[in-house]
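Reviewing the structure listed below.
The values are calculated or read from the model by the stated rules, or taken from the named source; none is laboratory data. As the structure is a computational prediction, the values presented were derived from the model and not from experiment. For the accessible areas, the whole protein counts, side chains as well, though only heavy atoms, and no ligand, DNA or RNA atoms are used. Shrake-Rupley method; radii C 1.70, N 1.55, O 1.52, S 1.80 Å.
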Amino acid sequence: MQRFGIFLVLLALTTIAFCDHHKIVLKSLQRASRECTLYGTTDQCLARCTTLITRDWNDTVGILSVYDRFYKPDPSDRCNSNRTQRCLHAQELTATPDRVCLRASEAVQCYLDQFGQVIQDEPKFVRTTALQKQQIIKDCGAMLGHSEERMQELLADSEYLLQETRCLFRCYQIRSGMYNDVQGLNMERFYVACGGYEDDFNQSAAQCIADVRNVVPCDKCTLAQRMTMECIGNRYDQTITNGDSTNRATDNGKIIVINQANQNVDYVNNTLNFG
């Protein structure tokens with residue numbers, strides 16, 4: 001009996017770890033840099049290539065603030081963020097918009113000089129692209145046994161009135177690495193997906209999470225959906241693009257659906273947003 005109990009514990013831990021890595025992309029700066037070298041990227045464009053791979057660079061808006069996850073600041077340095085932002089601002093004032101490689105290199109240098117010690121070899125979470133999100137939704141629909149017609153109905157359930165919709169949402173969150181039933185929301189990854197948030201957000205979210213757990217103690221699907229929507233909410237949906245239209249999960253209120261037959265992207269009149 002004792003051996004059987006240990007087996008169940010190990011099985012549970014293995015299941016959690018396995019589910020938590022289905023569709024997650026983790027990259028270290030070192031690995032991203034090696035990939036760029038394989039592609040034949042020149043030294044001048046290495047910083048842009050690396051931050052594109054980690055999805056922290058946009059040629060229009062520049063470097064994203066969540067790039068700071070690759071750095072370890074001095075705990076006693078309370079001005080590192082301000083110094084970094086001043087450096088980035090000064091760099092943008094003098095930069096030539098069409099010289100994107102130079103802009104990216106100078107932006108990375110601001111973090112190297114001002115923010116903290118760079119972490120080269122530790123993989124960090126990379127935001128999921130719009131096409132990856134839609135594939136996850138498609139995969140979840142197939143695994144939950146929904147027909148294409150039923151999926152259209154569930155995706156149109158923007159108020160999450162149906163239990164099947166909430167279970168589809170839970171599947172999506174688990175496979176995208178943002179949630180599991182034991183630990184709940186992965187706030188470190190939401191920080192990246194949301195494009196960053198203020199220091200006190202984690203505290204307010206923790207209280208919200210505790211409140212939702214008390215109200216929904218047994219329903220796994222409803223718990224996952226309410227915890228995300230009520231404790232993260234529009235911050236996740238609205239800021240996930242970070243100014244980059246290529247990463248949108250929706251387009252003018254329409255869900256993007258992958259057409260596997262011809263690899264095109266079809267648009268349907270549904271409004272459900274899975275982040």
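Key figures for this structure:
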{"item": "Residue order for MET151, MET143, MET227 - accessible surface, 1.4 angstrom probe, largest first", "result": "MET143, MET151, MET227"}
{"item": "Given LYS23/LYS220; LYS72/LYS133; LYS23/LYS138, the pairs whose alpha carbons are separated by over 23 Å", "result": "LYS72/LYS133"}
{"item": "Difference of contour (0.36 nm per residue) and Cα-Cα distance, GLN163 to SER76", "result": "26.5 nm"}
{"item": "10 Å binning of all Cα-Cα separations within region 60-218, expressed as whole percents from 0 upward", "result": "9, 27, 29, 20, 14, 2"}
{"item": "With eigenvalues of the C-alpha gyration tensor scaled by 5 and rooted, region 15-144, Å", "result": "29, 19, 14"}
